[in-house]
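Student: Quick one: the structure is below, and I'll ask about it shortly.
The values are calculated or read from the model by the stated rules, or taken from the named source; none is laboratory data. Treat the numbers as computed from the prediction; the structure is a model and nothing was measured. Ideal geometry is used to build each Cβ from the backbone, glycine not excepted, and the neighbour counts take in all protein chains shown. Only protein heavy atoms, including side chains, enter the accessible area calculation; ligands, DNA and RNA are left aside. Shrake-Rupley method; radii C 1.70, N 1.55, O 1.52, S 1.80 Å.
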Amino acid sequence: MTQVIAHSLDDNHSHSQIVRRVPRYAQVLELGCGDGSMSRLLRERCEAHIIGIDHNPDIVWQAQRYCDYVFTEDLDDPHSLDALEGEKFDVITLVDVLEHLQHPEALLQRLKPLLLDEGQILISIPNIAHSSVRLELLNGRFDYETAGILDATHLKFFTAESVQALLEDADFVVNDIDYTWHDLPDEVITRYLKAAGLEPTPAALAKFHEPDAIAYQFIISSSPLASETARIAERSSQAQHLKPIDASWQTWGRMHSELALAHAELERVYSTRSWQMLRRGATAWRSIQSRFTLE
């Protein structure tokens, strides 16, 4: 099936990265559908057929505008997916879901019978090893927040390695791992390092710009292992490494290209005779205005 690329979305956003991995006309089970923000994108961009599940009855009804069906369930309940027995999906999405569960591995196990043979689960999950958390810990702080990586409702925390280990333990193989990113400026890193009594050397600063430090959310495509033989083979080579930011076209390369094109277009406009005449006119007008103001 044809993959959909969400051109008009910010590539540095989990919804964008998830939607571009969903085949057109896919049957999608969206776990944690919330108010339907991503459901709408799946419907518009992929023409997907969607069943949405969320634990919050106060907002899940809003997703009915974009889903074929929605219902409320506690995904930690071992019977939460019983109503879907016999259903099969091309894609199951878990966007910021696993970190809210007491037993994420148990949920992953229950998802396998719901996937078609070529089906996949698409996950976004926060990175507890982000540089902002590392710098806070250097200064002895680990403060919960109302949103973000240290959201007060998070029950589990994951690094790139530990989320892959979680999937491996549930007999899934990671097909691809990418990330959304938030890279802190050197001056911010320097301030935290100095507060911790550490020298902000070039090598120290570089550690906070590595892929596993700038990754804000991991974006993962994963599939169940097909057999015991495949399981043994895959487990021996399963660990995936994050791409450097300049090699990740989804999160940086295309935005950089678009900025370069926009800059080139501005330079072209600025060099035209009409723009130069307009600037001279604007300068003359400001001069006249200032003269009247002074008078």
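Student: What is the sum of charges, Lys and Arg at +1 and Asp and Glu at -1, for the other residues whose Cβ falls under 10 Å from the Cβ of R65?
Tutor: Within the 10 Å Cβ shell, the charges total +1.
Student: Continuing with this model, one more query. Full extension from D186 to D58: what is 0.36 nm times the residue separation minus their Cα-Cα distance, to one decimal in nm?
Tutor: 41.9 nm
Student: Cβ neighbours within 10 Å, averaged per peptide: list 81-91, 57-67 in order, most packed at the top.
Tutor: 57-67, 81-91
Student: Over all directions, what mean area does the Cα convex hull of region 35-165 project, stated in square nanometres?
Tutor: If you wrap the Cα atoms of region 35-165 in a convex hull and average its projections, you get 9.1 nm².
Student: Ok, one more. Kindly write out, for region 147-152 in residue order, the coupling ³J(HN,Hα) from the Karplus curve 6.51 cos²θ - 1.76 cosθ + 1.60 (θ = phi - 60°), rounded to whole Hz, with x marking Gly and Pro.
Tutor: Here the 3J(HN,Hα) series is 7, x, 4, 9, 3, 5 Hz.
Student: Taking the Cα centroid of region 150-215 and of region 51-104, what is the distance between the two, rounded to the nearest whole Å?
Tutor: So the separation of the two Cα centres works out to 28 Å.
Student: Given H placed 1.01 Å from N in the peptide plane, which residues other than close sequence neighbours of F89 have an amide H under 5 Å from its amide H?
Tutor: L115, L116
Student: Could you give me the ³J(HN,Hα) list for region 171-181, computed from phi with Karplus coefficients 6.51, -1.76, 1.60 and θ = phi - 60°, whole Hz, x at Gly and Pro?
Tutor: Residue by residue, region 171-181 yields 6, 10, 10, 7, 7, 7, 9, 10, 6, 8, 9 Hz.
Student: Ok, one more. With the cut-off at 18 Å, report for region 126-181 the share of all Cα pairs above it, as a whole percent.
Tutor: 42
Student: With a 1.4 Å probe and all protein chains left in place, how much of the accessible area of region 69-140 comes from carbon and sulfur atoms, in whole percent?
Tutor: 49
Student: For V173, enumerate residues with amide H under 5 Å from its amide H, sequence gap 5+ or separate chain, H modeled in the peptide plane.
Tutor: Under 5 Å from the amide H of V173 lie the amide H atoms of S223, L225, each far enough along the sequence or on another chain.
Student: Next up: Tell me which lysines have Cα within less than 21 Å of K207's Cα, excluding those fewer than 8 residues away on the same chain?
Tutor: Partners found: K194, K243.
Student: For S80, what charge total do you get from the other residues with a beta carbon under 9 Å from its beta carbon, if Lys and Arg give +1 and Asp and Glu give -1?
Tutor: Local charge sum for S80: -4.
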